[in-house]
Amino acid sequence: MSDSLRVGLIGLGTVGSGVAQILTEHAQRTAQRAGRPIEITGIVVRDPSKPRPVDLAGIPVTTDPLSLAKSTDNDVIVELIGGLSPAKEIVETALEAGKDIVTANKALLCEHGDTLFSKARESGRSIAFEAAVAGGCPVIAAIGQAMAGNQIVALEAILNGTSNFILTQMLENGVSYEDAVAEAQAMGYAEADPSMDVQGTDAAQKLGILTQLAFGERLTPDKFPVQGIDELLLEDLRFADELGYAIKLLATAKLVDGCLELHTQPTLIRHSRPLAQTNGPYNMIELTGDAVGKAWFSAMGAGQMATASAVVADLVDVAVGRAALTFRRLNLWQAEQQFPFQNIEDIKRRYYFRFHVEDRPHVIADIADILGRNGISLSSVIQKEVSDEEAPAKPPIVPLVFMTHLTTEGKVRAAAKELNQLASVRPPWLCLPVSDPQVASGE
């Protein structure tokens, strides 16, 4: 075998420990697949005295990331600290020092991918980022290599395993949102502060990266609708199930009449679709290519080893030279626009509305009137009878669900302003989109 690939590992948290574990405990296996040994020659941590779940004997440990990024003792820097700063400075320093980069930092790529990719090209180095998007699911390679003969026309994806685990726990075990979040934290799928996951930010950042790959467009989450699962109640999952749907935090990018439409929201998906059947801490990406049609990719999306395995796969690609070849040919974060961005108010979908209303005459008619005057046609209504024991208030407060026919986001937003003024509707009420597989495929 040739000389080893020397790795500087910055960050030894959950994912970093997993990477170190794979590289140290399965050194022979990775060497065989890489064609040469992959060796950790330096590690950066916040607290060197903290006990670690992996044997680091003989590996220098420091608290100075910039020093490691400049060091001549490594060939590639693995950045696993997350966030924008000092991650951006670390990556820039490493590129200037002639190092390749492997990162799982979706926020960094989403916000500064254009700058970092430009610097990498100027330096003749590569940035590998399979671990930044879908845990153990190799979607970056799939879009950049396996589907290179296609124009992707639609992408629908469950990109946050934590949120998917929470929604699965709620429906399957009949628990509240709060209890499901606590379980996700106990299992190691959610951080102590799960807001990035449950508010949709994490999935939206990942969608921004995939949109670069699939459509050549740079769109950050502030440019498209982002909605989290933290507004959902157990009754919403049950109503959707009764109607024949599952609710998933769905990231969508698709071409509609030549325009690029993006959104990341809890979405109703028909039970028969593979996306609806993806449960627990798993990710799934449904890609539609103009030549191949639909293709599905699924794997564990939350947890230590799912992301660690993607990082190690990127290191193998760097070691054998695939990363350099792929990076040079990927025209990511380009300046020119290929597809115009769909006006948010022109997005066409069906919708699910759930209200808590006073159980008295004319309430349904008042809501239906507002929707109708805004050009929103109803396809079904569900109102559950509530006994006096269940609803001691007078008048009782009952859940009310509407499903609409195809309409636009603009009409829904206009109706929302009037719905918020109805005295019979108790806030907050909920509106979710419905995924139409025909529209989703760009047809």
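The values are calculated or read from the model by the stated rules, or taken from the named source; none is laboratory data. Owing to the predicted nature of the structure, the values given are computational and were not obtained by experimental measurement. So basically every Cβ, Gly included, is an ideal-geometry build from the backbone, and we count neighbours across all protein chains shown. For the accessible areas, the whole protein counts, side chains as well, though only heavy atoms, and no ligand, DNA or RNA atoms are used. Shrake-Rupley method; radii C 1.70, N 1.55, O 1.52, S 1.80 Å.
Overview of results
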read-out	value
Among the candidates VAL386, VAL320, residue that is out of contact with any Gly (no Cβ under 9 Å at 6 or more places or on another chain), of a type outside the set (Asp, Glu) and open to solvent by 30 Å² or more (accessible area, probe 1.4 Å)	VAL386
Condition met for ALA246 (of a type in the set (Gly, Ala, Ser) and crowded, with 19+ Cβ neighbours inside 10 Å)	yes
Sole residue being open to solvent by less than 40 Å² (accessible area, probe 1.4 Å), more than 13 Å from the chain's Cα centre (by Cα) and charged (D, E, K, R), chosen from ASP100, ASP114, ASP197, ASP193	ASP100
Breaking point among (1) at pLDDT 90 or above; (2) over 30 Å from GLU111 (Cβ atoms), for GLU385	(1)
Which numbered condition SER163 fails, given (1) open to solvent by less than 10 Å² (accessible area, probe 1.4 Å); (2) in contact (Cβ under 8 Å) with a residue 60 or more places away in the chain; (3) more than 13 Å from GLN265 (Cα to Cα)	(3)
Some residue of region 157-174 being in a loop (DSSP other than H, G, I, E, B) and closer than 30 Å to ILE90 by Cβ	yes
Residue within region 317-329 that is closer than 30 Å to ILE77 by Cβ, without any contact (Cβ under 8 Å) to a residue 40 or more places away in the chain and either in contact with a helix residue (DSSP H, G or I) (Cβ under 6 Å, 6 or more places away or on another chain) or not in a helix (DSSP H, G or I) (or both) present	yes
Condition check for ALA107: open to solvent by 10 Å² or more (accessible area, probe 1.4 Å), closer than 18 Å to GLU217 by Cα and in contact with a Leu (Cβ under 7 Å, 6 or more places away or on another chain)	yes
Matching residues, region 1-37, being of a type in the set (Val, Ile, Thr) and either part of a helix (DSSP H, G or I) or open to solvent by 10 Å² or more (accessible area, probe 1.4 Å) (or both)	THR14, VAL15, VAL19, ILE22, THR24, THR30
GLU111 modelled with pLDDT of 95 or more, out of contact with any strand residue (DSSP E or B) (no Cβ under 7 Å at 6 or more places or on another chain) and either charged (D, E, K, R) or part of a loop (DSSP other than H, G, I, E, B) (or both)	no
Elements of type helices (runs of 4 or more DSSP H) in region 178-250, at least 1 residues being in contact with a strand residue (DSSP E or B) (Cβ under 8 Å, 6 or more places away or on another chain) and under 30 Å from ASP290 (Cα atoms)	201-215
Matching residues in region 216-262 - criterion: being polar (S, T, N, Q) and out of contact with any His (no Cβ under 7 Å at 6 or more places or on another chain)	THR220, GLN227
Only listed residue being outside any helix (DSSP H, G or I) and within 23 Å of LEU232 (Cβ to Cβ), chosen from ILE382, ILE367	ILE382
Cβ-Cβ under 6 Å pairs, at least 6 apart or on other chains, region 1-22 side hydroxyl-bearing (Ser, Thr, Tyr), far side open to solvent by 10 Å² or more (accessible area, probe 1.4 Å)	SER2/ARG36; SER4/ARG36; SER4/PRO37; SER4/GLU39; THR14/GLN304; SER17/PRO53; SER17/VAL54
